[in-house]
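*Asks:* Quick one: this structure, given as structure tokens, is what I'll be asking you about.
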Amino acid sequence: MRLLGRDYPGQPVTELRYPSTANNFTEFGTRVGLLDDLKRQADALQARHQTDSATLQRHTTLVEGACTTAFRYWLELAKQLNVLQPPSPVRYVLDSRHVLERLPMGDFRVDARRQSTVGTPLHEHVQLFCQLKSGRALVLRRDFPTEIQKLEERLRLAGVEFQAENVRDAETGRYQHTRFEFTADLHAGIKLLPRHDSGQVQFQLLNLEGFETSVVELPAFEVGQASLDELTKLVLGQPHRFYQLGRLLRRG
């Protein structure tokens, strides 16, 4: 037996072996590598959050600028159009016998609403609306459910206050028709809806081309004198390129 460097005759030689620390170093090295990897992931996520925050802030700044530009433009436009009161170029068809044409456009009003948020309040919408007054008192009758619904939708879309009454036979009580009574004064206009997260704005065009709603989306940085001029041409019935400036999301 060999112990501490000495040999003893007649005894088997035995070497003392101490536990190796190689595996411990490997495990320790693995733990260090995992920690480094987690740190890299955290740094990347934090950088992405910072980038997303910067992008959102940039989009918000552009959208808020577009809202302010439109508001100021429409304030000045409303002043001029309230003096001129141009006739609407649109034919508003209630049915084949009742068509409203060349209604004077007046009482233009501009409104902006902001959200109640922490920090600087952001725009919720900006809008320009007007009245198209005919002064005509009308009474229309409908007896089919689809026609009744269609007329109700058109009147509500146009902001017309109406009274609807189901008329029945005096003797039998049988339904005959629905009677609509109203003054044919309409509302039309534009509502700008901001999309702060995407840096876009949407223009809702209400009753500017008949009893219909159109929605056009533009990048916020495109909202300026030129694009708003094209939109004004649409309102006045002049040749325009407004639909070509953005993406038409809805029409009808």
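*Asks:* Residue check: is Pro89 in contact (Cβ under 8 Å) with a residue 60 or more places away in the chain, under 19 Å from Thr232 (Cα atoms) and either touching a strand residue (DSSP E or B) at 6+ places or on another chain (Cβ under 6 Å) or surrounded by 10 or more Cβ atoms within 10 Å (Cβ to Cβ) (or both)?
*Replies:* yes
*Asks:* Let me ask something else. If only one of Leu77, Leu84, Leu35 is surrounded by 10 or more Cβ atoms within 10 Å (Cβ to Cβ) and at pLDDT below 90, which one is it?
*Replies:* Working: Leu77 fails: at pLDDT below 90; Leu84 fails: at pLDDT below 90.
After applying the criteria, what remains is Leu35.
*Asks:* What number of residues in the range 103-124 are on the phi > 0 side of the Ramachandran plot and surrounded by 14 or more Cβ atoms within 10 Å (Cβ to Cβ)? Please lay out each step first, then the result.
*Replies:* First, the residues of the range 103-124 that are on the phi > 0 side of the Ramachandran plot: 107, 119.
Now narrow it down to the ones that are surrounded by 14 or more Cβ atoms within 10 Å (Cβ to Cβ): 107.
Within the range 103-124, residues that are on the phi > 0 side of the Ramachandran plot and surrounded by 14 or more Cβ atoms within 10 Å (Cβ to Cβ) number 1.
*Asks:* For the range 198-218, give me the residue count where each residue is more than 12 Å from Ala188 (Cβ to Cβ) and touching a Leu at 6+ places or on another chain (Cβ under 8 Å).
*Replies:* Of the residues in the range 198-218, the ones more than 12 Å from Ala188 (Cβ to Cβ) are 198-203, 215-218.
Add one more test, that the residue is touching a Leu at 6+ places or on another chain (Cβ under 8 Å), and what stays is 199-203, 215-218.
Residues that pass the stated criteria total 9.
*Asks:* For residues that are on the phi > 0 side of the Ramachandran plot and touching a Pro at 6+ places or on another chain (Cβ under 7 Å), tally how many sit in the range 208-249.
*Replies:* Going through the range 208-249 one residue at a time, the tally reaches 1.
*Asks:* Taking the residues in the range 237-252 that are in contact with a Lys or Arg (Cβ under 9 Å, 6 or more places away or on another chain) and touching a residue at least 24 places away in the same chain (Cβ under 8 Å) as candidates, determine which candidate is surrounded by the most Cβ atoms within 10 Å (Cβ to Cβ).
*Replies:* Within the range 237-252, the subset in contact with a Lys or Arg (Cβ under 9 Å, 6 or more places away or on another chain) is 239-243.
Restricting the remaining residues to those that are touching a residue at least 24 places away in the same chain (Cβ under 8 Å) gives 242-243.
Details: Phe242: 21, Tyr243: 15.
Checked the range 237-252; the qualifying residue surrounded by the most Cβ atoms within 10 Å (Cβ to Cβ) is Phe242.
*Asks:* Can you name every residue in the range 54-91 that is of a type in the set (Lys, Arg) and over 13 Å from Cys130 (Cα atoms)? So that I can check it myself, show each step before the final result.
*Replies:* Restricting attention to the range 54-91, the residues satisfying the condition of being of a type in the set (Lys, Arg) are 58, 72, 79, 91.
The answer is Arg58, Arg72, Arg91.
*Asks:* If you don't mind, there's one more thing I want to ask. Which condition number in (1) at pLDDT 95 or above; (2) of a type in the set (S, T, N, Q); (3) over 22 Å from Arg91 (Cβ atoms) is the one that Thr172 fails?
*Replies:* Condition not satisfied by Thr172: (1).
*Asks:* Report the residue count in the range 174-205 for those that are over 12 Å from the mean Cα position of the chain (by Cα) and free of Cβ contacts under 8 Å to residues at least 60 places away in the same chain.
*Replies:* Applying the first criterion (over 12 Å from the mean Cα position of the chain (by Cα)) to the range 174-205 yields 174-190, 205.
Narrowing the set further to residues that are free of Cβ contacts under 8 Å to residues at least 60 places away in the same chain leaves 174-183, 185, 187, 205.
Matching residues across the range 174-205 total 13.
*Asks:* Right, something else. Among all residue pairs at least 6 apart or on different chains, which show Cβ distances below 6 Å where the first residue, located in the range 210-236, is closer than 19 Å to Pro89 by Cα and the second is surrounded by fewer than 19 Cβ atoms within 10 Å (Cβ to Cβ) and of a type in the set (Gly, Ala, Ser)?
*Replies:* Listed pairs, sorted by first residue: Glu212/Gly252.
*Asks:* Sticking with this structure for a sec: Taking the range 142-162 on its own, how many of its residues are touching a strand residue (DSSP E or B) at 6+ places or on another chain (Cβ under 6 Å), closer than 20 Å to Arg97 by Cα and not β-branched (Val, Ile, Thr)?
*Replies:* We begin by selecting, within the range 142-162, every residue touching a strand residue (DSSP E or B) at 6+ places or on another chain (Cβ under 6 Å); these are 142-143, 148, 151, 155, 158-160, 162.
Those left that are additionally closer than 20 Å to Arg97 by Cα: 142-143, 148, 151, 155, 158, 160, 162.
So of that shortlist, the ones also not β-branched (Val, Ile, Thr) come out as 142-143, 151, 155, 158, 162.
Going through the range 142-162 one residue at a time, the tally reaches 6.
*Asks:* Among the residues of the range 128-141, are any within 30 Å of Thr61 (Cβ to Cβ) and in contact with a strand residue (DSSP E or B) (Cβ under 6 Å, 6 or more places away or on another chain)? Spell out the reasoning first.
*Replies:* Taking the range 128-141 first, the residues within 30 Å of Thr61 (Cβ to Cβ) are 128-129.
Retained after the next criterion (residues that are in contact with a strand residue (DSSP E or B) (Cβ under 6 Å, 6 or more places away or on another chain)): 128-129.
There is at least one residue in the range 128-141 that is within 30 Å of Thr61 (Cβ to Cβ) and in contact with a strand residue (DSSP E or B) (Cβ under 6 Å, 6 or more places away or on another chain).
*Asks:* Next question, about the same structure. When the residues of the range 104-145 are narrowed to those that are outside any strand (DSSP E or B) and among the aliphatic types (A, V, I, L, M), which ends up farthest from the chain's Cα centre (by Cα)? Show your work before the answer.
*Replies:* First, the residues of the range 104-145 that are outside any strand (DSSP E or B): 115-122, 143-145.
Filter once more, keeping what is among the aliphatic types (A, V, I, L, M): 118, 122.
Working: Val118: 21, Leu122: 14 Å.
Result: Val118.
*Asks:* If you don't mind, another one. Restricting attention to the range 206-236, report how many residues are in contact with a strand residue (DSSP E or B) (Cβ under 9 Å, 6 or more places away or on another chain) and either exposed (fewer than 15 other Cβ atoms within 10 Å of the Cβ) or not hydrophobic (A, V, I, L, M, F, W, C) (or both).
*Replies:* The initial filter retains those residues of the range 206-236 that are in contact with a strand residue (DSSP E or B) (Cβ under 9 Å, 6 or more places away or on another chain), namely 206-220, 222-223, 227, 231, 234-236.
Subsequent filtering for residues that are either exposed (fewer than 15 other Cβ atoms within 10 Å of the Cβ) or not hydrophobic (A, V, I, L, M, F, W, C) (or both) retains 207, 209-210, 212-214, 217, 219, 222, 227.
So the answer is 10.
The values are calculated or read from the model by the stated rules, or taken from the named source; none is laboratory data. Not measured: the values here are computed from a predicted model. Counting neighbours? That spans all protein chains shown, and the Cβs are built from the backbone with ideal geometry, glycine included.
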